[in-house]
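The values are calculated or read from the model by the stated rules, or taken from the named source; none is laboratory data. Because the structure is a prediction, the values reported are computed rather than measured. Every residue, glycine as well, gets a Cβ built from its backbone with ideal geometry; the counts of neighbours run over all protein chains shown.
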Amino acid sequence: MKRLKSIVLCVSAKEKKNGDNTTENRYYISSLHDISLLSQEIRGHWDPFLLFFLLMHLS
């Protein structure tokens, strides 16, 4: 059985066109201990969502 090794807080800050600023907090739990591998996994998880968002807003 894998054990919990990391709890990660990912803070995303965005500035909208109207000048409003927003922040979003996402929490991750993981059995990974290597921060570089963990960050790659987190970014890889969000890539499809970002692609969908860009496609929807550029079309």
Tabulated pairs, the stretch 14-27, first without any contact (Cβ under 8 Å) to a residue 40 or more places away in the chain and under 21 Å from L38 (Cβ atoms), second surrounded by 10 or more Cβ atoms within 10 Å (Cβ to Cβ) and charged (D, E, K, R), C-beta under 9 angstrom, 6+ apart or interchain: none
Restricting attention to the stretch 3-31, which residues are more than 17 Å from E41 (Cα to Cα) and either out of contact with any strand residue (DSSP E or B) (no Cβ under 8 Å at 6 or more places or on another chain) or hydrophobic (A, V, I, L, M, F, W, C) (or both)? R3, A13, K17, N18, G19, D20
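Rundown of residues vs (1) among the charged types (D, E, K, R); (2) modelled with pLDDT under 75; (3) touching a helix residue (DSSP H, G or I) at 6+ places or on another chain (Cβ under 8 Å); (4) surrounded by 11 or more Cβ atoms within 10 Å (Cβ to Cβ), yes/no style:
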{"position": "K2", "(1), (2), (3), (4)": "yes, no, no, no"}
{"position": "K5", "(1), (2), (3), (4)": "yes, no, no, yes"}
{"position": "V8", "(1), (2), (3), (4)": "no, no, yes, yes"}
{"position": "K17", "(1), (2), (3), (4)": "yes, no, no, no"}
{"position": "N21", "(1), (2), (3), (4)": "no, no, no, no"}
{"position": "Y27", "(1), (2), (3), (4)": "no, no, no, no"}
{"position": "H33", "(1), (2), (3), (4)": "no, no, no, no"}
{"position": "F49", "(1), (2), (3), (4)": "no, yes, no, no"}
{"position": "F53", "(1), (2), (3), (4)": "no, yes, no, yes"}
